[in-house]
Amino acid sequence: MAAKAAAKGAARASTRPTHFLALPLNTFNPLHAFVAKAHEGILRHCPDLKGTLVEPHAAHITLGVLSLPSEERVSACCADLRQWIEGEGRAVVREDIRLRLAGVRQFKSGVLYLAASTTATESGDAAGCPLAEMHASLSRHLHLKGYLPEEPKQGGYTPHCTIAKFSKLRLPRRPKKGEEGEVGGAGGPPRSKWAKRKKFPRECYEEVVDEVVGEVSLGVSHLQLCAMAGRKKGEYYQVLFPSQTDQEELS
């Protein structure tokens, strides 16, 4: 039993996301001012949600998450990303995409975000959105190279920049029933009202819900492979791709 449990744990660890693909927004100054205003509203109405806030220094648009458990796997992925950019990437996205950052929404998973859209998505033509086409092309490439186990589904991609998310909120561990110090029980810590209701109240972001932050231009040359772990407060993630050499040769 112990050996079987250990094997399952190792399998989970090997598929756990370790890196992500991003288009950076961390240097866009208007976004910093907007996030500060949005965070102020959250803290004013729900101060116990402080732990959900995401720093603007980490701002980005996610294009995918990957499990790269070794340096060899990371190096191979960097080479494959470069191959995609030099080939299909530049054929699909021939010039930088103009993105409009405006409107605060939230996913059912408990993520509050700033929407990123193009003229195509605003008019309802999702199929004609260049960023959606870029995401689809990149996902197909990564699937064929073995980085994505499941074949990418068409549609369903929502470009966004995360402002706050419940997955960052540390809630009291819930002991097993009958265990001493059971959450919500005698002698135990009080049950957080957010334990099940992972949704930001509308009043937290009402002031910024329709605010227009500005426009940015991003394309395949801005694609990054970042490590999820190790980010320091007030800084961006560790960028593994592109390297300095890649930047010079791909520009």
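The values are calculated or read from the model by the stated rules, or taken from the named source; none is laboratory data. Computed from a prediction, not measured in an experiment: that's the story for all the values here. In this analysis, Cβ positions are derived from the backbone assuming ideal geometry, glycine residues included, and neighbour counts consider all displayed protein chains. Please note that ligands, DNA and RNA were not included when accessible areas were found on the heavy atoms of the full protein model with its side chains. Shrake-Rupley method; radii C 1.70, N 1.55, O 1.52, S 1.80 Å.
Loop-only trypsin sites (Lys or Arg not before Pro) in the stretch 57-96, please: DSSP not H, G, I, E or B, and at most 15 other Cβ atoms within 10 Å. Don't skip to the answer; put the middle values down first.
Numbers: sites: ARG73, ARG82, ARG90, ARG94; in loops: ARG94.
Answer by residue number: ARG94.
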Working out 0.36 nm times the residue gap between HIS57 and LYS196, then minus their Cα-Cα distance, what length gain in nm do you get to one decimal?
-> 47.1 nm
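Here are some pairs, LYS153/LYS232; LYS153/LYS193; LYS37/LYS165; LYS145/LYS199; LYS153/LYS196; which of them have Cα atoms lying more than 26 Å apart in this structure?
Beyond 26 Å between Cα atoms: LYS153/LYS232; LYS153/LYS193; LYS145/LYS199; LYS153/LYS196.
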What accessible area, in Å² to the nearest ten, does a 1.4 Å probe give for SER109?
-> 80 Å²
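How about the stretch 61-112: which GluC sites (Glu not before Pro) there lie in a loop by DSSP and see at most 16 other Cβ atoms within 10 Å? Each step should come with its number before you reach the end.
Details: sites: GLU71, GLU72, GLU86, GLU88, GLU95; in loops: GLU95.
Answer by residue number: GLU95.
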For ARG140 and GLU215, what does the FRET efficiency come to when R0 = 30 Å and r is the distance between their Cβ atoms, rounded to the nearest 0.05?
-> 0.60
Cα-based Rg and Dmax for the stretch 47-101, where Dmax is the largest Cα-Cα distance (Å) | 16.6, 48
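Counting other Cβ atoms within 10 Å of each Cβ, which GluC sites (Glu not before Pro) in the stretch 209-251 have at most 12 and sit in a DSSP loop?
Details: sites: GLU211, GLU215, GLU235, GLU248, GLU249; in loops: GLU211, GLU235.
When the GluC sites (Glu not before Pro) of the stretch 209-251 are filtered for loop state and at most 12 Cβ neighbours within 10 Å, GLU235 remain.
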